[in-house]
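In what follows, a structure is listed as structure tokens, so that the remarks can point back to it.
The values are calculated or read from the model by the stated rules, or taken from the named source; none is laboratory data. The structure presented is a predicted model; accordingly, all values stated were derived computationally and were not measured. With ideal geometry, Cβ positions are generated from the backbone for all residues, glycine too; neighbour counts draw on all protein chains shown. Ligands, DNA and RNA are stripped out before the accessible areas are found, and what is left, the full protein with its side chains, is counted by its heavy atoms. Shrake-Rupley method; radii C 1.70, N 1.55, O 1.52, S 1.80 Å.
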Amino acid sequence: MADAIFWNKIADKYAATPIANESVYQKKLAITDKYLTEQSEILEFGCGTGSTALIHAPKVSDYTALDTSARMIEIAQEKLQQTPQSNLTFVESTLENWQQAHSDTKYDVMLGLNVLHLMADYRQVIRQSFDMLKPGGYFITSSACFEGFSWWSLALPVMKLIGKAPHVEKFTAKQLMQAMLDAGFVLAQEWKPSPKGGQTFLVMQRPK
Ligand SMILES: C[S@@+](CC[C@H](N)C(=O)[O-])C[C@H]1O[C@@H](n2cnc3c(N)ncnc32)[C@H](O)[C@@H]1O
């Protein structure tokens, strides 16, 4: 898979890069905390090197974190060895393959952080996530949204062609919300870190 090769190549650099905005990250963690309980069974996809999974896992019953990049998962597992957490499992897998292999397993909370816009069909992923949640469960996402013209959107196809960028789906915050509502989700909480747009943090609920 072309994108897994891209993420494998940049995994070590990604792991070594500090979080771009610590206060925004902390607020996302704090919002997520409100939807976790000691009984929660969690599935995170596109977990990268596992930093967020390692923070949330001690608060819940069971936490599975997937990533399609073998190197990202390797780094996540190294971190887990340093701070063992028996209820946390890192798995090299796409969301699609995980769902096929575990079609009867349903989760209380699913997380897809900084990943939806990187997947080939975000609407399909949203529908899959709805199916994988228990009634009343939450889908928590953080996504880059493209509102109008940006030099980035022109540069991305060229960067992808030369292997310097992954596939990126360009959707607006409104399109993302519509895809969530079309799948059957209802809005529980929305936070936009910047009033100018660019990023949307959503907590969507599968109705009970
Ligand atoms: C921008 S990184 C985000 C990592 C982490 N969630 C974070 O917020 O730091 C995107 C991650 O999604 C993974 N990814 C891309 N497509 C995926 C898919 N179909 N299934 C699972 N992971 C995927 C990539 O390998 C990469 O590690």
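Data table
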quantity: Residue selected from the range 14-41 under the condition hydroxyl-bearing (Ser, Thr, Tyr) and over 14 Å from ASN114 (Cα atoms), by the criterion nearest to the ligand (Cβ to nearest atom); calculated: THR17
quantity: PHE171 more than 16 Å from the ligand (Cβ to nearest atom), in contact (Cβ under 8 Å) with a residue 40 or more places away in the chain and farther than 23 Å from ILE55 by Cα; calculated: no
quantity: Tabulated pairs, the range 42-66, first closer than 16 Å to ALA16 by Cα and near the ligand (Cβ under 9 Å from one of its atoms), second open to solvent by 30 Å² or more (accessible area, probe 1.4 Å) and polar (S, T, N, Q), C-beta under 9 angstrom, 6+ apart or interchain; calculated: GLY48/ASN114; GLY50/GLN77
quantity: Candidate set from the range 78-113 (those that are in a helix (DSSP H, G or I) and without any contact (Cβ under 8 Å) to a residue 24 or more places away in the chain); member that is nearest to the ligand (Cβ to nearest atom); calculated: ASN97
quantity: Odd one out for ASN21, checked against (1) among the polar types (S, T, N, Q); (2) closer than 21 Å to MET180 by Cα; (3) modelled with pLDDT under 95; calculated: (2)
quantity: Filtered residues of the range 162-208 (kept if open to solvent by less than 30 Å² (accessible area, probe 1.4 Å), under 17 Å from the mean Cα position of the chain (by Cα) and under 15 Å from SER142 (Cα atoms)); calculated: PHE171, ALA173, LEU176, ALA179, MET180, THR200, PHE201, LEU202, VAL203, MET204
